[in-house]
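The values are calculated or read from the model by the stated rules, or taken from the named source; none is laboratory data. None of these values were measured; they are calculated from a predicted model. Every residue, glycine as well, gets a Cβ built from its backbone with ideal geometry; the counts of neighbours run over all protein chains shown.
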Amino acid sequence: MPQFSCPKCGAALAVDPGTQIAKCQFCGTVTYVDRSEALFYYLLPFTIDEVKARGIFKRWTAGPSMAKELEHGCKVTKIVKEFFPVFRFRRSVNKSEKVFVRPARGTTLPGMHNLEIPPGGEVIYDDKVSIGDAKQIDPDISIGSYIGEMPGNAIDQALVYFPIYEITYEFEGKSYDVVIDGSSGRVYSGPSPSRGSAQYMAVMGISFVLGLIGGYLACAVHVLFIVLAAGGLLAGRYMAQQVVTKKSAAVAGEAAGGSAAQAGEGASAADAQDAQSGAPSDAAQDAQTAENNAEPEVKQ
Ligand SMILES: [Zn+2]
C-alpha cells in the first residue's frame, strides 16, 4: 500500500483502499488521494443559479460576433449543473507565484484547460459541504501526468471541484457545447455558429461567385470592346478608302486614287486629303474622321 502524507502538516495519512478522500488524524485537513500523492481538496461553490446561467447564455447568443439568427434560432437541448474536477498548481516561477489549472478528467468541453479559480473562493470539501442538485464529476487523470510540464517549483497543488453549467444547444441541425462558469459567469465556447463561419461564408461565397461573374464579364466586355474597337477602326479605314477612292475619283487624274486599294496608302491619301481642313494626322483619328465623313456618302 503506497504511503501518503498530509499536504498541510506532512503527517502520514491512513488511506483505506477503495477510497480517495482522507482526513488527517492530526490537523483534520481533508485531502484527495491521487495515485501519486495526497492533494488539498476543495470545492468552489456556485454563485450563479440556472435561471441566471440561461440569461447569460441568451445574451451570449445575441453577441455581435455570433450568427445573426442564433439568438432566436438556437434550441437548448441540455443543461447540466455540475462540479468538474480540475487540478490547481501553485508554482513559484522566477520568484513569483503562478497558478495553473488543468482538467482532472478527460474532456472535450471548452475552457477546461484555462479555468480561473478566484483566490480564496474555494471551500474545503469535506462532509459538511453539500453539492445540492449539482452532479459531481470524478477525476480520471492522475496529477502525475501534469507535473512534468509544470514550470518552477511547487508551492502546493489541489484538486478543485469547479462549478459549471454545461449547455448543449442545436442550431441549423448541428449540436454545440458551451460552458458557463458557475462562479464568475464567464462563457467558454468551442466552435460556434459565429458570423465568422456560416453567415460569413455564405456572404463570402456569394461575393466570390459574383466576383467571378464580374471578372468574367469584365474580361468578356473588355475583349468585346477590343474587337469592336478594332472592328470599328478597320471599318473606318475601309470606309476611308472608299471615300478616298471616291474623292480621288472626283479629283480626277491623280495617282493616289489608283493605289488606294492598300490600307496604309489609303490612310496616307486620306491624310493628304484632310490636310486642308487641318485634321490630325493620327491614323485612328483619321479613320474616325473618314468614317464620319464617309457615312452620308455611303448612304447615298
Ligand atoms: Zn495534517
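Observations
To keep it simple, each residue is scored yes or no on (1) of a type in the set (S, T, N, Q); (2) within 18 Å of Glu166 (Cβ to Cβ); (3) crowded, with 17+ Cβ neighbours inside 10 Å.
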residue	(1), (2), (3)
Ser36	yes, no, no
Glu69	no, no, no
Val76	no, yes, no
Lys95	no, no, no
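- Among the residues making up the stretch 5-20, those that are away from the ligand (no atom under 11 Å from the Cβ) and surrounded by 15 or more Cβ atoms within 10 Å (Cβ to Cβ) are Val15, Gln20.
- Lys58 of a type in the set (Lys, Arg), closer than 20 Å to Val129 by Cβ and either modelled with pLDDT of 90 or more or in the same structural domain as Tyr146 (by TED's automatic domain parsing) (or both): no
- Flag for Ala53 being under 24 Å from Ser130 (Cα atoms) and more than 14 Å from the ligand (Cβ to nearest atom): yes
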